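Below: one structure, written as structure tokens.
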Amino acid sequence: MTKLSVNVNKIATLRNTRDIGIPSPLRAARLCLLAGAHGITVHPRPDQRHIRPTDVNEIAELLSEFPKAEYNIEGNPFFDEFLRHCERTRPAQCTLVPDSLEQSTSDHGWNLDTAGERLGPLIAELKRYGCRVSLFLDPRPEQVPLARDLGADRIELYTAPFAEAFEHGPLSSVFDSYRLTAEAARRSGLGVNAGHDLSLDNLPLLIRQIPHVAEVSIGHALIAEALEFGLPETVRRYLRVLEMSDLCRF
């Protein structure tokens, strides 16, 4: 079954609008894990616009109570703070994302032709910490061998273009690029993750059509849907979607 990692950044964003500690990303993470989520994702940024260093540490401690769940820390490894977070907490997975301080959210994958030389030593450092390393990529099959050669273990497909096509079309050409990239990753011995703008509406189609997705990381839509269904129930709905969509592949 494709695994679900819940990104709790949006909980932290709301918490940071007041200085009273609620809603708590730590409590939200616990509720998600108790509801069956396979992992928790955080994306700390240098400006601490949402996740703070204390959140990173506290959620790492929480994950020790759930030995089957995984901690995924994502961010730009060119910021020193990111490497320090990973060295201190030793997450199961580090997802490297080429975001800048000016971006409101991640909006593209790595160009490994230009960034590969700088990424290689950082990937090696993270693997010395015992972390699995995933590179955030656009659906471009030609980038996959470069990710393999840099020592990455997985790629994460940037799925905002898929979500946009799901809403407004056309889907056929978008699916081709995602499918070819996932197949290239499989041939290269890399795992495939996916994330960005995935929701209860569009996730079933993605899982049925894109082969070999090991994990999806979902935050914005999941937290929005939780306003309607409640956080534990929303997590359970995602798990049911993943289970049924995986079954439809075979």
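Gly189 satisfies every condition listed in (1) under 21 Å from Thr95 (Cα atoms); (2) within 16 Å of the chain's Cα centre (by Cα); (3) of a type outside the set (Val, Ile, Thr) except (2). Against the criterion of being within 30 Å of Leu112 (Cα to Cα), part of a loop (DSSP other than H, G, I, E, B) and of a type outside the set (Val, Ile, Thr), Asp19 does not qualify. Looking only at the stretch 149-163, residues that are buried (at least 24 other Cβ atoms within 10 Å of the Cβ) and in a helix (DSSP H, G or I) come to 1 in all.
When the criteria are applied in full, Pro23 fails the requirement of being in contact with a helix residue (DSSP H, G or I) (Cβ under 7 Å, 6 or more places away or on another chain), buried (at least 20 other Cβ atoms within 10 Å of the Cβ) and either at pLDDT below 95 or not polar (S, T, N, Q) (or both).
Taken over the stretch 152-167, the residue count meeting the criterion of being of a type in the set (A, V, I, L, M, F, W, C), in contact with a Phe, Trp or Tyr (Cβ under 9 Å, 6 or more places away or on another chain) and under 19 Å from Leu200 (Cβ atoms) is 3.
Being within 15 Å of the chain's Cα centre (by Cα) and among the small types (Gly, Ala, Ser) is the filter; apply it to the stretch 26-44 and report the residue that is surrounded by the fewest Cβ atoms within 10 Å (Cβ to Cβ). Among them, the one singled out is Gly39.
Evaluate the following for Asp201: is it farther than 25 Å from Leu135 by Cα and either touching a Gly at 6+ places or on another chain (Cβ under 8 Å) or not hydrophobic (A, V, I, L, M, F, W, C) (or both)? Walk me through it before giving the result.
Working: farther than 25 Å from Leu135 by Cα: yes; either touching a Gly at 6+ places or on another chain (Cβ under 8 Å) or not hydrophobic (A, V, I, L, M, F, W, C) (or both): yes.
Against the criterion (farther than 25 Å from Leu135 by Cα and either touching a Gly at 6+ places or on another chain (Cβ under 8 Å) or not hydrophobic (A, V, I, L, M, F, W, C) (or both)), Asp201 qualifies.
Beta carbons closer than 8 Å, at least 6 apart along the sequence or on distinct chains, pair a first residue in the stretch 55-82 that is over 18 Å from Gly195 (Cβ atoms) and among the polar types (S, T, N, Q) with a second that is modelled with pLDDT of 95 or more and exposed (fewer than 15 other Cβ atoms within 10 Å of the Cβ) for Asn57/Arg88.
Take the conditions surrounded by fewer than 19 Cβ atoms within 10 Å (Cβ to Cβ), of a type outside the set (A, V, I, L, M, F, W, C), on the phi < 0 side of the Ramachandran plot and without any contact (Cβ under 8 Å) to a residue 40 or more places away in the chain and apply them to Asp47. Does it pass?
Details: surrounded by fewer than 19 Cβ atoms within 10 Å (Cβ to Cβ): yes; of a type outside the set (A, V, I, L, M, F, W, C): yes; on the phi < 0 side of the Ramachandran plot: yes; without any contact (Cβ under 8 Å) to a residue 40 or more places away in the chain: no.
Here the answer is no, as Asp47 does not meet what is asked.
Kindly indicate whether any position in the stretch 21-28 is of a type in the set (D, E, K, R) and in contact with a Pro (Cβ under 9 Å, 6 or more places away or on another chain). For the stretch 21-28, residues of a type in the set (D, E, K, R) and in contact with a Pro (Cβ under 9 Å, 6 or more places away or on another chain): absent.
The set of residues from the stretch 72-120 being touching a Pro at 6+ places or on another chain (Cβ under 9 Å) and polar (S, T, N, Q) comprises Asn72, Asn76, Ser106, Asn111.
Is at least one residue of the stretch 128-135 farther than 22 Å from Gly39 by Cβ, among the charged types (D, E, K, R) and out of contact with any Asp or Glu (no Cβ under 7 Å at 6 or more places or on another chain)?
Initially, the stretch 128-135 is screened for residues farther than 22 Å from Gly39 by Cβ, giving none.
No: the stretch 128-135 contains no residue that is farther than 22 Å from Gly39 by Cβ, among the charged types (D, E, K, R) and out of contact with any Asp or Glu (no Cβ under 7 Å at 6 or more places or on another chain).
So that you can scan it fast, the table gives a plain yes or no per residue for (1) surrounded by fewer than 22 Cβ atoms within 10 Å (Cβ to Cβ); (2) β-branched (Val, Ile, Thr):
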{"site": "Asp107", "(1), (2)": "yes, no"}
{"site": "Thr114", "(1), (2)": "yes, yes"}
{"site": "Ala147", "(1), (2)": "no, no"}
{"site": "Ala165", "(1), (2)": "yes, no"}
{"site": "Phe175", "(1), (2)": "yes, no"}
{"site": "Glu183", "(1), (2)": "yes, no"}
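Taken over the stretch 164-195, the criterion of being free of Cβ contacts under 8 Å to residues at least 40 places away in the same chain and part of a loop (DSSP other than H, G, I, E, B) is satisfied by Gly169, Pro170, Leu171. Going by the structure shown, is Ala160 within 20 Å of Glu225 (Cα to Cα) and hydrophobic (A, V, I, L, M, F, W, C)? Yes.
The values are calculated or read from the model by the stated rules, or taken from the named source; none is laboratory data. Keep in mind it's a predicted model, so treat the numbers as computed, not measured. Counting neighbours? That spans all protein chains shown, and the Cβs are built from the backbone with ideal geometry, glycine included.
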